[in-house]
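What follows is a single structure, written as structure tokens, with notes after it.
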Amino acid sequence: MKEILCCLIALITICIIINKWLNKKQNLQIKYNCSWVVVTGSTGGLGSALVQKLLRSNLNVIAVDYCADKLSQIPNTSQNKLVAFKFDFGSDLSQFACEFDKFLLFNNIDRLKIGVCFSNAGIGEFNKFDATSFESKRQYMQINFNSHLAVSDYFTKLFLSRSHDKKHKSALIFTSSSVVYAPSPYFSLYHTSKTAVTSLATALSTEYSKQIDILVVHPSGFAQSNFMYQQRMKPLFDFVIKTRNYGKKPLKQLTPDLIINRMLSRIGKLNCVLIGKGTKTNAIFQSIFGRNVTGYVWSCFKTLDKVFE
């Protein structure tokens, strides 16, 4: 009994130490010896908050998005530079590298001073698979997965150059979703695209771990997310709020700040991060029961079709 108690105390102590290490704040400027970072999808709820957080961390930011008006509205109360690069990931992705190089040259930015890239672009999809056209699906996958492919292609090569020429390590961070572990109805394309992003990040991490710290984050639904408040999502959240505790408690959501703090503290320490109770519950369930049982359980939600139509 005494030995078991000692083992439990030792295990708890180790867990506390590891948790403290994982949550320890990091200075990305020093860690990666850089003065510039890149954020795609920079005008969304998470992207905009991330840009502001990085600016306050004494880093210059290149904010990438398709909407020039929204890019100009990102607040910057720091002394650091915020430069907007307008690019539509729904357009010809083969032009991304060329256009970005021109942008760096025009703004006199040394590409080897860029040490971190957050690949955060993406849009939501809450729809039946048969309700959209093939062209709509193709365009959706281009934005939600191929954009990450184009960004990782460019920055993997750039970061390998930094490693070779300057002996500096770099970081590439992808935003995925809890839906990776929940193949539910109405989320078929969203689940597919985010699963592909997670797989890409995991594979790249095994290939370039010595030169590039690669991280993929899987947040649950969070407040200030444009995706969560689109019109097609409203029936789902009205239903959840109504049924949770008979409507006595509001739907709890993560905040962008919580997600960002978790993300920034774990760069270079982990490859995959699960954020939020929903993500962790779904991941554990799928790990224990596998895809067959998980798929069957989520297929039961098809009985709620009338609620969402």
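Laboratory data are not the source of any read-out in this text; all were calculated from the coordinates shown. Because the structure is predicted, anything quoted here is derived from the model rather than measured. A quick note on method: Cβ atoms are made from the backbone with ideal geometry, for glycine too, and the neighbour counts reach across all protein chains shown.
Over 22 Å apart at the Cα level, from the set Lys31/Lys102; Lys53/Lys210; Lys137/Lys194; Lys70/Lys280; Lys167/Lys269; Lys86/Lys210, are Lys31/Lys102; Lys53/Lys210; Lys70/Lys280; Lys86/Lys210. Cα centroids of the range 26-61 and the range 173-207: 23 Å apart. Taking a ≥ b ≥ c as the square roots of the eigenvalues of the alpha-carbon gyration tensor, the range 34-308 is classed prolate because a/c is 1.5 or more and a/b outweighs b/c. Shape annotation for the range 12-128: C-alpha extents along the principal axes are 52, 46, 29 Å, from largest to smallest.
Of the listed peptides 171-180, 203-212, 9-18, 190-199, what is their order by residue-averaged count of other C-beta atoms within 10 Å, with the highest listed first?
The peptides rank, most packed first, as 171-180, 190-199, 203-212, 9-18.
For the range 58-114, treating each Cα as an identical point scatterer without solvent, what Debye log10 I(q)/I(0) comes out at q = 0.16 1/Å? One equal scatterer on each Cα of the range 58-114 leads to -0.54. Screening the chain for whole DSSP H helices with an alpha carbon extent of at least 24 angstrom along the helix axis and a mean Kyte-Doolittle hydropathy of at least -1.0 yields 2-23, 147-165, 188-208.
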